[in-house]
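The values are calculated or read from the model by the stated rules, or taken from the named source; none is laboratory data. What you see is a predicted model; the values in this text were computed from it and never measured. A quick note on method: Cβ atoms are made from the backbone with ideal geometry, for glycine too, and the neighbour counts reach across all protein chains shown. These area figures cover heavy atoms from the full protein model, side chains too; ligands, DNA and RNA do not enter into them. Shrake-Rupley method; radii C 1.70, N 1.55, O 1.52, S 1.80 Å.
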Amino acid sequence: MQINQFLDQFKRSLGVMKKDIRIYYLKGPVVIFGFLMPLFLFLAFFIGSRDLPMDFLISGLISMTVFFTATAVSPVIAPWEAQVQTLERLISAPISITTLIFGDMLASFIFGIIIPILPIALGLAVGVNILQPIILILGIFLAAACFSSFGLILSSPPSNAPSNVMMISSLVRFPLVFLSGIFIPIEKMPYWGKIIASFSPLTYFTDLTRYSINGANYYPIQVDLIVIIFFTILFFFLAAQLHKRTIYKRI
Amino acid sequence: MKHVIQVQNLTKRYGKLTAVDHINFEVEKGEIFGFLGPNGAGKTTTLRMLTGIIQADEGAANILGFNIQKEALKAKQNIGVVPETSNAYVDLSAWQNMMLMSELYGIPRKVAEDRAESLLDRLSLYHRRDDKVKGFSKGMKQRLILCMALVNDPILVFLDEPTSGLDVASRQLIREILQEFPEQGKTIFLTTHNMNEANRLCDRVAIINQGKIAAIDRPEKLKNTVKKLKSIEVSFDRSVNTQSLSEISHIKELKKEGDKFIAYTDNVNGLIHSLTNFAGLNGLKIVTLNTRDPSLEEVFVELTGEA
Ligand SMILES: Nc1ncnc2c1ncn2[C@@H]1O[C@H](COP(=O)(O)OP(=O)(O)OP(=O)(O)O)[C@@H](O)[C@H]1O
Ligand SMILES: [Mg+2]
């Protein structure tokens with residue numbers, strides 16, 4: 001009975017996912033915010049400091065791409081639906097808020113694992129080798145789920161103006177990129193920098209990507225994986241709980 | 001299960017405002033139940049609490065035997081909702097919107113397709129099924145929203161002003177569909193500002209004012225409770241001074257409506273006599289003379305104190 005109900009809600013979350021993909025993801029901003037923006041950051045650093053090795057930069061580009069893609073659209077879905085008045089219809093359906101959030105997360109996850117093919121291809125094209133493809137794929141899957149859930153936390157304040165949420169999420173996302181060892185390797189950070197970096201899930205994913213590409217890692221790989229899994233579960237439950245509180249305020 | 005809706009002390013507050021104030025009522029299976037009230041009376045707020053869209057602050061609502069607060073998913077599975085302000089997804093086609101709703105209700109694909117086909121056909125949208133909703137007119141959108149609300153073949157349907165802003169044909173179509181429901185043992189909970197519609201459609205109506213239920217009964221019975229609102233409609237062959245007409249005996253209130261006068265009275269017989277006297281004295285011919293029962297609208301105005 002419990003299991004059936006669970007499977008049933010899971011199937012319904014696929015309906016939510018399909019809707020999100022059709023409406024929000026196949027429209028361009030994902031590619032722009034998810035891949036082009038990291039690419040520009042990457043180029044800026046590539047031109048700015050020629051002494052950073054290519055494999056270091058490419059692994060940074062991959063982790064930025066997963067991060068930005070997975071958080072590109074998920075923060076605006078809830079405010080957007082409230083604004084165009086489709087949300088009331090949606091929550092009158094027999095789906096739990098967790099199901100709804102899970103569906104949003106899945107849509108974001110799918111793009112979070114597909115778009116990184118672009119930077120990986122770019123890396124291969126410029127002659128970067130991938131030493132641990134399995135670890136890289138596993139890492140991308142986990143990180144996509146983790147960052148998608150993170151994006152949904154950003155959408156939980158009950159503001160119905162997508163532009164507000166966009167602003168908040170940019171304010172959170174950009175600093176994280178600079179604190180997570182993407183452009184400055186963790187080992188070169190000052191002590192306080194290392195402490196801050198250790199609170200960012202992006203740090204562990206970047207570490208994992210770097211290990212998969214050139215074998216250099218700062219934390220043990222098991223630690224990277226466990227921490228990302230831990231953040232994924234934490235973020236998802238936090239997002240679901242927060243939306244349970246705030247979603248009614250959007251109506 | 002006799003009562004498909006049971007409401008006890010249902011209350012909702014927004015800050016200092018009590019939008020819905022300890023209301024109680026029941027709706028029987030197979031009824032068309034009208035929920036009437038002026039703007040801001042608390043109709044939409046009540047409907048949202050009954051459909052699990054917002055949480056009540058106090059009290060309880062039982063929908064199809066399930067407590068809507070505690071067993072929301074079970075209750076929602078068998079109800080249909082047409083919210084007051086709601087849209088279909090404009091970037092999806094009518095068909096995709098229908099399929100999305102079916103998925104959210106866990107309806108098997110084949111059943112969903114058959115049902116979507118017959119619903120869209122019934123509401124004359126089938127030929128536009130693959131068009132994006134973006135290009136639909138207001139009436140088409142509203143009809144689609146009704147289709148979407150019926151995709152799970154609900155046994156209880158909530159509609160918040162489903163016909164507001166629609167043309168005569170769309171209104172009639174929707175009304176016809178709703179009228180078929182009781183035969184199938186289905187129940188309708190409907191809010192509307194259209195008294196004529198409520199009068200023709202509803203088995204019972206509740207009138208809510210400032211969050212409280214002012215009256216709840218069958219429309220004809222409600223009309224009888226406000227007896228003093230009997231009136232006579234009269235017209236003469238020439239124009240008449242309203243002032244002098246209003247001074248004849250047995251008139252409580254006089255209103256001019258076009259070329260007719262509506263005279264309210266508590267003594268119909270006495271008023272007819274004084275009207276014929278008035279006509280004789282002034283050399284007027286009476287063209288029409290009708291006694292009228294109070295309309296639901298007049299009952300409504302009386303009970304809600306709306307001008
Ligand atoms: N989300 C909200 N926040 C604050 N106040 C609200 C909210 N929703 C409704 N109200 C207030 O509650 C009262 C009842 O509103 P409601 O929408 O239920 O009225 P209604 O009877 O549906 O009116 P209408 O006929 O105009 O649709 C109003 O005074 C309204 O301002
Ligand atoms: Mg309303």
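Solvent-accessible area of the range A:118-237 (1.4 angstrom probe, protein heavy atoms only): carbon and sulfur portion equals 77 percent.
With the cut-off at 1.5 for a/c, could you classify the range B:86-139 from its C-alpha gyration tensor as rounded, prolate or oblate? Kindly include the intermediate steps, with their values, before the conclusion.
Working: a/c = 2.15, a/b = 1.39, b/c = 1.55.
It comes out oblate by the Cα gyration axes.
Provide the gained length on full extension for the span B:Leu289 to B:Asn224, in nm with one decimal, where the gain is 0.36 nm per separating residue minus the Cα-Cα distance. Working shown, then result.
Details: separation 65, 0.36 × 65 = 23.40 nm, distance 2.14 nm.
Taking 0.36 nm per residue and subtracting the Cα distance, the gain is 21.3 nm.
Buried on complex formation within the range A:225-251 (loss of at least 10 square angstrom of accessible surface versus the isolated chain, 1.4 Å probe, ligands and nucleic acids ignored): A:Tyr248, A:Ile251. In a reduced charge model with +1 at each Lys and Arg Cβ and -1 at each Asp and Glu Cβ, the range B:90-167 shows a dipole moment near 160 debye about its Cα centre. Helix B:94-104 sits at what angle to the longest principal axis of chain B, using alpha carbons and giving 0 to 90 degrees rounded to 10? For B:94-104 against chain B, the angle is about 70 degrees.
Filter the trypsin sites (Lys or Arg not before Pro) in the range A:25-128 to those in DSSP coil with at most 15 other Cβ atoms within 10 Å of their Cβ, and list the result. Intermediate values should be presented prior to the final figure.
Numbers: sites: A:Lys27, A:Arg50, A:Arg89; in loops: A:Lys27, A:Arg50.
Qualifying residues, ordered by number: A:Lys27, A:Arg50.
If you run the Gaussian network model on chain B, springs between alpha carbon atoms under 10 Å, then out of B:Ser102, B:Ser170, B:Ser239 the most flexible one is B:Ser239. Once the Cα atoms are used to define both axes, helix B:168-180 deviates from the longest principal axis of chain B by about 70 degrees.
Would you calculate, for chain B, the mean residue ellipticity at 222 nm contributed by helices, counting each DSSP H stretch of 4 or more residues as -39,500 (n - 2.57) and dividing by all residues, to the nearest 500?
Values: 11 runs with 107 residues, N = 307.
It lands at -10000 deg cm²/dmol.
For the protein assembly as shown, what is the charge dipole size about the Cα centre, in debye to the nearest 20, if Lys and Arg each add +1 at the Cβ and Asp and Glu each add -1 at the Cβ? Mind dumping the intermediate values first?
Values: 56 positive and 49 negative charges, 61 e Å.
Once rounded to the nearest 20, the dipole reads 300 debye.
Computed over protein heavy atoms with a 1.4 Å probe, the carbon and sulfur contribution to the accessible area of the range B:175-307 reaches 44%. For B:Glu28 and B:Lys16, the difference between the fully extended length at 0.36 nm per residue and the C-alpha to C-alpha distance is 1.0 nm. In the full protein context, the range B:26-104 carries 29 Å² of accessible surface per residue, based on a 1.4 Å probe and ignoring ligands, DNA and RNA.
Just to be sure I understand: with springs between alpha-carbon atoms less than 10 Å apart, which residue in B:Ile232, B:Ile248, B:Ile174 has the highest mean-square fluctuation in the Gaussian network model of chain B? Maximum among the listed residues: B:Ile248.
Going through the DSSP H helices of chain A, which span 18 Å or more along their own axis at the Cα atoms while scoring at least -1.0 as a mean Kyte-Doolittle hydropathy?
Values: long enough: A:2-20 (27 Å, -0.77); A:54-70 (24 Å, 1.64); A:97-114 (26 Å, 1.98); A:133-154 (31 Å, 2.45); A:162-179 (26 Å, 1.35); A:201-214 (20 Å, -0.26); A:221-246 (37 Å, 1.55).
In chain A, the long hydrophobic H runs are A:2-20, A:54-70, A:97-114, A:133-154, A:162-179, A:201-214, A:221-246.
With every protein chain left in place, what is the accessible area per residue of the range B:148-300 in square angstrom, probe 1.4 Å?
Each residue of the range B:148-300 exposes 48 Å² on average to a 1.4 Å probe.
As a test of the definition: with a 1.4 Å probe, what buried accessible area, both sides summed, do you compute for B against A, in Å² to the nearest 100? Don't skip to the end; give the middle numbers.
On the way: alone 15220 and 12000 Å², together 24630 Å².
Buried area (both sides, nearest 100 Å²): 2600 Å².
Under a 1.4 Å probe, what is the accessible area of chain A per residue, stated in Å²?
43 Å²
Burial of accessible area (probe 1.4 Å, heavy atoms of protein chains only) in the range A:82-129, relative to its chain alone, reaches at least 10 Å² for A:Val84, A:Gln85, A:Thr86, A:Glu88, A:Arg89, A:Leu90, A:Ile91, A:Ser92, A:Ala93, A:Pro94, A:Ile95, A:Ser96.
A crude spin-label estimate for the pair B:Glu176 and B:Lys74, with each label 7 Å from Cα along the Cβ direction, gives 3.9 nm.
Here the Kirkwood formula puts the hydrodynamic radius of the range A:143-203 at 12.7 Å, using every distinct Cα pair. Burial here means at least 30 square angstrom less accessible surface with every protein chain in place than with the chain by itself, probed at 1.4 Å; in the range B:129-146 no residue meets it. Return the single residue from B:Asn39, B:Asn196, B:Asn282 with maximal mean-square fluctuation; model: Gaussian network over chain B, springs between Cα atoms under 10 Å. In the Gaussian network model the winner is B:Asn282.
Given charges of +1 on the Cβ of Lys and Arg and -1 on the Cβ of Asp and Glu, with all other atoms neutral, how large is the dipole of chain A about its Cα centre, in debye to the nearest 20? If you can, show how the numbers build up before the last one.
Details: 16 positive and 10 negative charges, 125 e Å.
Using only the charged Cβ atoms, the result is roughly 600 debye.
Positive end of the dipole of chain B (Cβ unit charges, origin at the Cα centre): among B:Gln179, B:Asn67, B:Ser246, the Cα lying farthest that way belongs to B:Asn67. By definition, a body whose alpha carbon gyration tensor gives a ≥ b ≥ c is oblate when a/c is 1.5 or more and a/b is not larger than b/c, and the range A:100-208 fits this oblate description. Between helix B:268-282 and chain B, what is the angle of the helix's C-alpha long axis to the longest principal axis, kept within 0 to 90° and rounded to the nearest 10? Between the helix axis and the principal axis of chain B, the angle is about 50 degrees.
From the helices alone, meaning DSSP H stretches of at least four residues, give me the mean residue ellipticity at 222 nm for chain A, per-run term -39500 (n - 2.57), in deg cm²/dmol to the nearest 500. Could you put the intermediate results ahead of the total?
Working: 12 runs with 177 residues, N = 251.
It comes out at -23000 deg cm²/dmol, rounded to the nearest 500.
Sites listed here are chymotrypsin sites (Phe, Trp or Tyr not before Pro) in the range B:68-159 whose DSSP assignment is loop and whose Cβ has at most 12 other Cβ atoms within 10 Å, and the list is empty.
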